[in-house]
Amino acid sequence: MIDPLAHAHMNLVGGVVLLAMGVTFYLLPIFTGKRIYSIKLVKHTFWWVSIGVYSFYIIQMVFGIWEGLLLHSSPQDIPSVHRFYGPIMAISGTVMAIGFCTYLANVVLTITASSSGDEIAPLQNQ
Ligand code: HEM
């Protein structure tokens, strides 16, 4: 839970993926000559992914430490703790996945939008 899951997702999703999403929203108008379809969706992407990945990290760390300590003190109690892990992780993973979906939708809608948008609109001016 702590390594690889908490470590991997905080670095890959919280770092690399969020950076890649930001770079996409910066470069897409330059490459396509079109405005980003929705700046509101960009903000949704940021918040859903950020809240999702931080909650994912915290949950993995809490259960990792909790179950790790139980392993050394009373391993028979681990199943009664672990039954909460799945449902809580499912909520956190879904929050993160919603952020991925809003990102994908925004990119596809920007590329397929009919307006040619001859002006490149930087994010801060929209
Ligand atoms: C909505 C987004 C995501 C969710 C809900 C999610 C969830 C999970 C889960 C549940 C596992 C554990 C699988 C198992 O039990 O073996 C896992 C493993 C992993 N994920 Fe993700 N993930 C997401 C996105 C990503 C992304 C974008 C990356 C990389 C860029 C990534 C990298 C990894 C890695 C490296 C592992 C560890 C694989 C292993 O060593 O077993 N995940 N993820």
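Bear in mind that the values in this text are calculations on the coordinates, not laboratory data. Quantities reported herein were computed from a predicted structural model and do not represent experimental measurements. Cβ atoms come from the backbone with ideal geometry, glycine included; neighbour counts cover every protein chain shown.
Observations on the structure shown:
- In this calculation the C-beta distance from residue 38 to residue 3 is compared with R0 = 41 Å, giving a FRET efficiency of 0.65.
- In region 29-72 the Cα-Cα distances spread across 5 Å bins starting at 0 as 5, 18, 12, 14, 11, 10, 8, 7, 6, 4, 3, 1 percent of all pairs.
- Square roots of 5 times each gyration tensor eigenvalue, C-alpha, the chain, largest first, Å: 40, 12, 9
- The chain, relative contact order in percent, only Cα pairs under 8 angstrom and at least six apart counted: 44 percent
- Where only DSSP H runs of four or more residues are counted, the chain gives -23500 deg cm²/dmol as its mean residue ellipticity at 222 nm, each run worth -39500 (n - 2.57).
- Ordering of 86-97, 43-54, 101-112 by packing is 43-54, 101-112, 86-97, highest average first (other Cβ atoms within 10 Å, averaged per residue).
- Added length on full extension, which subtracts the Cα-Cα distance from 0.36 nm per residue, residue 16 to residue 114: 32.2 nm
- Cβ-based exposure ranking for 73, 38, in which fewest neighbours within 10 Å come first: 73, 38
- For the pair residue 62 and residue 94, the difference between a 0.36 nm per residue extended length and the Cα-Cα distance amounts to 9.6 nm.
- Annotation: extensible slack from residue 31 through residue 71 equals 9.1 nm (criterion: 0.36 nm per residue apart, minus Cα-Cα distance).
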